[in-house]
Amino acid sequence: MAESICRSLRDGALEGELAPSLTIKDSLASPFGFHVFSHILLQLSSHVIARKSQSHAIVIVALSRNPSSYTDLLKMKGVDVASSKNWIHVLDCYTDPLGWKDKMRKSGNVTDPSPQTSVSTSSYKTVKDLDKLFSVITELGRGLVGENKARFCVAIDSLSELLRHASLQSVAGLVSNLRSHDQISSIFGLLHSDLHEERAAAVFEYMSSIVASVDPFHHSADGQRGYLENSFSEQNFTKGKFNVRFKRRNGRVRVTGEEFKVELGEISFAPVSSVDGTTIAGLLPKVQFNLQLSEKEKIDRAKVVLPFEHQGNGRPIQIYDGRRSAEESSNETPPISSGKKEDSAMGEIIYFRDSDDEMPDSDEDPDDDLDI
């Protein structure tokens, strides 16, 4: 499903629609959200370089990582960092998010050398002002792709850091404004869900077209897998469950999942094991009745005689249609309903008109006598 996420972000937004938005959720029990963030960032970078993406550039809002870490990440994957200045830019909100170091530097109390990075970088020192942050992000993107209809992608490495400095309403407004900008193709960000109230996570889930959750596995007493509750000693910090929820344009929601594994700082994904009985059972809805029939119920169902099933056992079935007169019916054998043989123990329903004055049924239009 990680590849499906990358394809959705790569394809971007349709004309007149909001840009696709991804929220990656992790927690202390499974702190691998940044691994997923890095994986998606590298995949989108490869699509941008190959010109296979709607976005022609990427703007990274670095709140929880030093900008130099993104240089190392790109170099590790063999990306030509020298040429990356044409399609990627890191907005440094990590080094001095509130401008304190800048004020101390101007007063001569401290010297803070600028971080060395090969990726194009600019600093931002007023994180609390999200309106200005929105303007800076869009200006940086236009500086990479130009003033034409070309689009760019926005990656926020920590929505949680933004929530430390601004209100939930302001951060949600920033994400909404980015999604509705006509030059932004997609946006994705990381949220540490256990650091905030449930309301905060619910707001970002509601605003996002894709929600990816990084959850842990643990082995319960009966040997089955389940979610970690309170025992850190039973955790496996190299594996987990990656759950994804897609909101489609037609309003339908698709929920999928796969397993992930972290080795040597890299994350890999694999389909959920089919032998995992707990996983399969978890996909079924929790109801108060059985969804499958037992063998006895299947046999009993096969014995049920349907109302219109042929029951003549080779003999023609005569069904009285109410159109024959009483004289005709008296000269013939009594009409038989759709019952079985006469020696059957089942009852029969025989209908006779009350009198000859009763008109038989007709196929004629009953409204023919109306003067319309």
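The values are calculated or read from the model by the stated rules, or taken from the named source; none is laboratory data. Note that the structure is a prediction, hence the values are computed from the model and not measured. FYI the Cβ positions are ideal-geometry reconstructions off the backbone, even for glycines, and counts take in every protein chain you see. When the accessible area is computed, the model is the full protein with side chains, heavy atoms only, and any ligands, DNA or RNA have been set aside. Shrake-Rupley method; radii C 1.70, N 1.55, O 1.52, S 1.80 Å.
Yes/no matrix, rows are residues, columns are (1) outside any helix (DSSP H, G or I); (2) at pLDDT 95 or above:
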residue	(1), (2)
Gly108	yes, no
Ser114	yes, no
Val136	no, yes
Cys153	yes, yes
Leu178	no, yes
Asp182	yes, no
Phe188	yes, yes
Phe204	no, yes
Ala221	yes, no
Residue check, Lys25 under 31 Å from the mean Cα position of the chain (by Cα), in a strand (DSSP E or B) and either farther than 17 Å from Leu144 by Cα or modelled with pLDDT of 90 or more (or both): yes
Hits in segment 39-56 (condition: open to solvent by less than 10 Å² (accessible area, probe 1.4 Å) and farther than 20 Å from Thr23 by Cα): Val48
Unique residue being within 27 Å of Pro271 (Cα to Cα), at pLDDT below 95 and part of a loop (DSSP other than H, G, I, E, B) when the list is Ser53, Ser46: Ser53
Count of residues meeting criterion [touching a His at 6+ places or on another chain (Cβ under 9 Å), farther than 18 Å from Ile58 by Cα and small (Gly, Ala, Ser)] in segment 1-28: 2
Arg65 open to solvent by 20 Å² or more (accessible area, probe 1.4 Å), in a loop (DSSP other than H, G, I, E, B) and in contact (Cβ under 8 Å) with a residue 24 or more places away in the chain: yes
First in segment 245-263 and aromatic (Phe, Trp, Tyr), second anywhere and surrounded by fewer than 10 Cβ atoms within 10 Å (Cβ to Cβ), Cβ under 9 Å, 6 or more apart: Phe246/Arg252; Phe246/Val253
Residue count for segment 76-104, restricted to those that are at pLDDT 90 or above and open to solvent by 50 Å² or more (accessible area, probe 1.4 Å): 1
Test result for Ser158, in contact (Cβ under 8 Å) with a residue 40 or more places away in the chain and either open to solvent by 60 Å² or more (accessible area, probe 1.4 Å) or of a type in the set (Gly, Ala, Ser) (or both): yes
One residue from Phe246, Phe217 being within 18 Å of Ala2 (Cβ to Cβ) and at pLDDT below 90: Phe217
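Taking segment 28-43, which residues are among the aliphatic types (A, V, I, L, M) and part of a helix (DSSP H, G or I)?
Val36, Ile40, Leu41, Leu42
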